[in-house]
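What follows is a short report on a single structure.
Each value in this text was obtained by applying a stated rule to the coordinates, not by laboratory testing. This is a predicted model, so every value here is computed, not measured. Note that we place each Cβ from the backbone using ideal geometry, even for glycine, and neighbour counts take in every protein chain shown.
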Amino acid sequence: MTEFARVAVVGGGPAGLQAALTLGRMHVDTVVFDDGRPRNGTSPRMHNVLGWDGTEPARLRTAARDELRKYPWVRVVDHTVRAARRSADIELDTSGGPWRAENLLIATGVEDALLPIPGVSDLWGDLVLPCPYCHGHEHAKGPIAVISSGAHADHVGGLLRGLTDEVPHFEPEEVASVTRAGDRALITRHDGRTTEVAAVFIPPNPTPRSRIATDLGVRVEADGIVVDALGRTDQLGIWAAGDVARRLDPHVPAAVVTAMAAGLTAAADIAAAGAPPPRGSAREG
Ligand SMILES: Cc1cc2nc3c(=O)[nH]c(=O)nc-3n(C[C@H](O)[C@H](O)[C@H](O)COP(=O)(O)OP(=O)(O)OC[C@H]3O[C@@H](n4cnc5c(N)ncnc54)[C@H](O)[C@@H]3O)c2cc1C
């Protein structure tokens, strides 16, 4: 049997859960689908989130789900949305069966295509990191290495030099491996030389986590789903928020707080789009 919700939110990370809270507070019938693969899932600590600085990322998601229980018209289900199709509504093929929704918020986040250097993926989120705002301060005793090229290396290196004096730079093709050495990282070059550092920053190379947007004919560019300031995509009834959506300026950090802000903004627009017309207006039947 096909289930129905007025709004389907795909993704229960900071963007999707904040959107669900806003929709719940506006009494909008909402379902959130989540399959438990958050982008910061390998990080033992989350930083730069006011009120949660230094906590485990999972604690925020658990607290958010607890808060949503106050709003009975919001359902959070641990299912994967496998495909989406447009008919009169939006039809979703999920691991829990078929769903229909009038509106869709895509908040699926991204996954990172990491540098193919041995050891990098093992230490990702712990000693190999993407974002100085999130994890720079913790390693300020230095040195902090940057393995990257071009504009990314200049940008991240510049930020890190504000935290520590020693910021050694490596081109990715110079590096043979990155391994753990106690609570530090050991960078080994192809010529055998080694450098011990407090942490390593690399480019994250985010790629979309799901094909839902393309399935539905939504405009997607290399840097994400194209949205306006309210999170609207080019398809009526479809919004996107969080890391999966293109930021209005590339210098806006992809982070928990910005994802939550985008989720709130899109949800407010969804609620307003479905609000009854003003009394006495021509639209009132
Ligand atoms: C290693 C690392 C560490 C980070 N540390 C920090 C930090 O300390 N502070 C900070 O502010 N930011 C940090 N970030 C950035 C932060 O994780 C993201 O900006 C934030 O999680 C984006 O939220 P989101 O809701 O857009 O996506 P996510 O948090 O990635 O959530 C998306 C959710 O959607 C679900 N999903 C995806 N596709 C489907 C589908 N088809 N069906 C059902 N569910 C689906 C996923 O399982 C996931 O739970 C870090 C990023 C990385 C890579």
What ranking do Tyr133, Tyr71 get, fewest neighbouring Cβ atoms within 10 angstrom at the top?
Tyr133, Tyr71
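What size of dipole, in debye to the nearest 20, comes out for region 208-285 about its Cα centre when the only charges are +1 on Lys and Arg C-beta atoms and -1 on Asp and Glu C-beta atoms? Walk me through the intermediate numbers first.
Working: 8 positive and 9 negative charges, 33 e Å.
Result for region 208-285 is approximately 160 debye, rounded to the nearest 20.
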As a footprinting exposure proxy, order Met46, Met1, Met26 by other Cβ within 10 Å, with the fewest listed first.
Met1, Met26, Met46
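As a test of understanding, state the convex hull volume per residue of region 115-201 from its alpha carbons, in Å³. Mind showing how you got there, number by number?
Details: hull volume 7.1 nm³, N = 87.
Each residue corresponds to 81 Å³ of Cα convex hull volume.
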Using only the alpha-carbon atoms, how far is helix 256-273 inclined from the longest principal axis of the chain? Give it as 0 to 90 degrees, nearest 10.
10
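Based solely on its DSSP helices, what 222 nm [θ] is calculated for the chain when runs of n ≥ 4 H residues each add -39,500 (n - 2.57) and the sum is averaged over all residues, nearest 500 deg cm²/dmol? Can you show the working numbers first?
Values: 7 runs with 66 residues, N = 285.
Computed mean residue ellipticity for the chain: -6500 deg cm²/dmol.
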Along principal axes, Cα extents of region 165-227, largest first, whole Å
50, 23, 22
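As a footprinting exposure proxy, order Ser87, Ser149 by other Cβ within 10 Å, with the fewest listed first.
The most exposed by this proxy come first: Ser87, Ser149.
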Specify the angular offset, from 0 to 90 degrees and rounded to the nearest 10, of the alpha carbon long axis of helix 57-68 from the longest principal axis of the alpha carbons in the chain.
10
Counting just the Cα atoms, what span does the chain cover along each of its three principal axes? Round to the nearest Å and put the largest first.
76, 35, 34
